[in-house]
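The next block holds one structure in the form of structure tokens; read it before the comments.
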Amino acid sequence: AQKITQTQPGMFVQEKEAVTLDCTYDTSDPSYGLFWYKQPSSGEMIFLIYQGSYDQQNATEGRYSLNFQKARKSANLVISASQLGDSAMYFCAMREGTNRDDKIIFGKGTRLHILP
Amino acid sequence: DSGVTQTPKHLITATGQRVTLRCSPRSGDLSVYWYQQSLDQGLQFLIQYYNGEERAKGNILERFSAQQFPDLHSELNLSSLELGDSALYFCASSAGVGNSPLHFGNGTRLTVT
């Protein structure tokens, strides 16, 4: 069963607008972590932001924020004031548990295109 | 720069051959993960090691194997290669606890002809 779902294969957004990339997850473990990564066309994977299941506040990192709705099992990434350089593939990922022997699984990604 | 080093960057080989991909984790990180990314696909988890021991396994084929050495570097061995094994193979490392993110290497692009 797919545990991370990203329902938007592609998105087109005008420069300077805010963007919301959707991510829903499925787990029965009360302890988990959610990550977002950016993969530009050059191919590297860039860590953007992390949200822990017990964190009381939504995570923020510069222009990135995570809209964490625990009851709905969603962890949407919000990019404010989008820039041309934000055009990339974005992946949501989840780590279940806090043990050392956990695997981190990724969604299929959303390709974001920022239009000038 | 993530601090994770993967070699080689590119690898072109023929079907039926065997190759070894190498990864040096970020200094201080004990966990190493291997992922496969096929064209326009997400990242498929292959295997994870923590301090030399295998800890989690994903959809790794029997033709593939990996190990983590005492100095914490890791190798992914791919044998009896098929055309469908062509992909970008990522290594990532982390401290292996809680909220520590994965730090990715730049990947090895494998082309099987």
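The values are calculated or read from the model by the stated rules, or taken from the named source; none is laboratory data. On a predicted model such as this, the values are computed, not experimentally measured, just so you know. FYI the Cβ positions are ideal-geometry reconstructions off the backbone, even for glycines, and counts take in every protein chain you see. Ligands, DNA and RNA are excluded from the accessible area calculation, which covers all protein heavy atoms including side chains. Shrake-Rupley method; radii C 1.70, N 1.55, O 1.52, S 1.80 Å.
Taking the criterion of being open to solvent by 10 Å² or more (accessible area, probe 1.4 Å), closer than 21 Å to residue A:105 by Cβ and within 16 Å of the chain's Cα centre (by Cα), the residues of segment B:78-113 that qualify are B:88, B:103.
In the condition set (1) under 30 Å from residue B:9 (Cβ atoms); (2) modelled with pLDDT of 95 or more, residue A:10 is compliant with all but (2).
Which ones in segment B:36-55 are at pLDDT below 90, on the phi < 0 side of the Ramachandran plot and open to solvent by 50 Å² or more (accessible area, probe 1.4 Å)? Correct list: B:39, B:41, B:55. Just wondering, is there one or more residues in segment B:40-53 that are away from every other protein chain (no Cβ under 14 Å) and out of contact with any helix residue (DSSP H, G or I) (no Cβ under 8 Å at 6 or more places or on another chain)? No, every residue in segment B:40-53 fails to be away from every other protein chain (no Cβ under 14 Å) and out of contact with any helix residue (DSSP H, G or I) (no Cβ under 8 Å at 6 or more places or on another chain). Within segment B:16-35, one or more residues are over 17 Å from residue A:102 (Cα atoms), surrounded by 15 or more Cβ atoms within 10 Å (Cβ to Cβ) and among the charged types (D, E, K, R). All of A:112, A:66 fail the test of being open to solvent by less than 40 Å² (accessible area, probe 1.4 Å), under 16 Å from residue A:6 (Cβ atoms) and in contact with a helix residue (DSSP H, G or I) (Cβ under 8 Å, 6 or more places away or on another chain), apart from A:112. Only one entry of A:105, A:4 meets the criterion of being hydrophobic (A, V, I, L, M, F, W, C), under 22 Å from residue B:58 (Cα atoms) and open to solvent by 10 Å² or more (accessible area, probe 1.4 Å), and that entry is A:105.
Which condition from (1) modelled with pLDDT of 95 or more; (2) more than 8 Å from every other protein chain (Cβ to nearest Cβ) is the one that residue B:28 breaks? Every listed condition holds for residue B:28 apart from (1). Go through the residues of segment B:64-77 one by one and say whether even a single one is open to solvent by less than 10 Å² (accessible area, probe 1.4 Å) and hydroxyl-bearing (Ser, Thr, Tyr). Within segment B:64-77, one or more residues are open to solvent by less than 10 Å² (accessible area, probe 1.4 Å) and hydroxyl-bearing (Ser, Thr, Tyr).
Tell me which residues, restricted to segment B:1-10, are open to solvent by less than 60 Å² (accessible area, probe 1.4 Å) and in a strand (DSSP E or B). Give the derivation first.
Keep residues of segment B:1-10 that are open to solvent by less than 60 Å² (accessible area, probe 1.4 Å), which gives B:2-4, B:6, B:8.
Once the filter is applied, which keeps residues that are open to solvent by less than 60 Å² (accessible area, probe 1.4 Å) and in a strand (DSSP E or B), segment B:1-10 yields only B:6.
Look at (1) in contact with an Asp or Glu (Cβ under 7 Å, 6 or more places away or on another chain); (2) of a type outside the set (Val, Ile, Thr); (3) open to solvent by less than 10 Å² (accessible area, probe 1.4 Å) and you find that residue A:86 fails only one, number (1). The residues on offer are A:20, A:27, and the sole one that is open to solvent by less than 20 Å² (accessible area, probe 1.4 Å) and out of contact with any Gly (no Cβ under 6 Å at 6 or more places or on another chain) is A:27. Considering chain A, the qualifying strands (runs of 3 or more DSSP E), each wholly inside and each with 3 or more residues that are touching a strand residue (DSSP E or B) at 6+ places or on another chain (Cβ under 7 Å) and at the interface with chain B (Cβ under 10 Å from one of its Cβ atoms), run over A:32-39, A:46-52, A:88-96, A:104-106.
Just one of the listed residues (A:108, A:38, A:73) is of a type in the set (D, E, K, R) and modelled with pLDDT under 95, namely A:108.
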